[in-house]
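The structure appears right after this line, and notes come after that.
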Amino acid sequence: MVKQAESFLPLSQATYYILLSLREVRHGYGIMQDVEEVSKGEVTMGPGTLYGALSKLEKQEVIMKTIVQDDERRKYYQLTDLGKVVLQLEYKRLKSLVENSKGIIEEMEGQ
């Protein structure tokens, strides 16, 4: 599954935050709110962008729709096992980028 998950990398910033938002089951509007909050306002997305991304991620089996009792009007989403692996791999990739370049960037800033 790791090999399959690696084929999704690198993720766009918006996709990364969508997957991060789905650390718990959420509906579309909840995802939009969480993405804006977690990204400290750096990423805001409209419904068109969000639902386009959700549709693509669902087709790729990175996320799936789920049923939430007492709320049949909204579509809820959650990460699949593949989605969890994709998110973890992207986190490790980004962390490595920062760690590997930190000293160089700090040196450049000091010049």
Which of Tyr91, Tyr17, Tyr77 fluctuates most in a GNM of the chain (C-alpha springs under 10 Å)? That residue is Tyr91
Pop the C-beta distance of Glu36 and Lys3 into the FRET formula with R0 = 35 Å and round what comes out to the nearest 0.05. 0.55
Mark the label point 7 Å from the Cα of Ala14 along Cα→Cβ and return the residues of segment 37-70 whose backbone N is within less than 13 Å of it. 43-57
Skipping prolines and chain starts, which residues have an amide H placed within reach, meaning under 5 Å, of the one on Lys75, given they are 5 or more residues away or on another chain? Gly28
So what is the accessible area of the chain per residue, in Å², with the probe set to 1.4 Å? 69 Å²
So what J values fall out for segment 12-27 if you push phi through Karplus, 6.51 cos²θ - 1.76 cosθ + 1.60 with θ = phi - 60°, rounded to Hz, Gly and Pro as x? 6, 4, 4, 5, 4, 5, 4, 5, 4, 4, 7, 5, 9, 5, 9, 9
Cβ charges +1 (Lys, Arg) and -1 (Asp, Glu), total dipole of segment 24-111, debye: 360 debye
For the chain, what is Rg from Cα atoms divided by 2.2 N^0.38 Å, rounded to two decimals? 1.22
Mind checking the full-extension length gain between Gln78 and Thr44? Use 0.36 nm per residue of separation minus the Cα-Cα distance, one decimal, nm. 10.2 nm
Most fluctuating residue given options Glu99, Glu24, Glu61, as computed from a GNM of the chain linking Cα atoms under 10 Å: Glu99
I'd like the carbon and sulfur percentage of the solvent accessible area for segment 61-101, probe radius 1.4 Å, heavy atoms only, ligands and nucleic acids excluded. 48 percent
What is the chain's relative contact order, in percent, from Cα pairs under 8 angstrom and six or more apart in sequence? 32 percent
Probe radius 1.4 Å, ligands and nucleic acids left out: which of Ser7, Ser96, Ser39 has the largest accessible area, and how do the rest follow? Ser7, Ser96, Ser39
For the chain, modelled as a GNM with alpha-carbon contacts under 10 angstrom, which of Asp71, Asp34, Asp81 fluctuates the most? Asp71
Label-point separation (nm) for Glu24 and Ile67, each offset 7 Å from Cα along Cα-to-Cβ? 2.2 nm
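The values are calculated or read from the model by the stated rules, or taken from the named source; none is laboratory data. What you see is a predicted model, and the numbers here were worked out from it, not measured in a lab. As a convention, Cβ positions derive from the backbone with ideal geometry for all residues, glycine included, and neighbour counts pool all protein chains shown. Accessible surface is based on the protein model in full, side chains and every heavy atom, while ligands, DNA and RNA are left aside. Shrake-Rupley method; radii C 1.70, N 1.55, O 1.52, S 1.80 Å.
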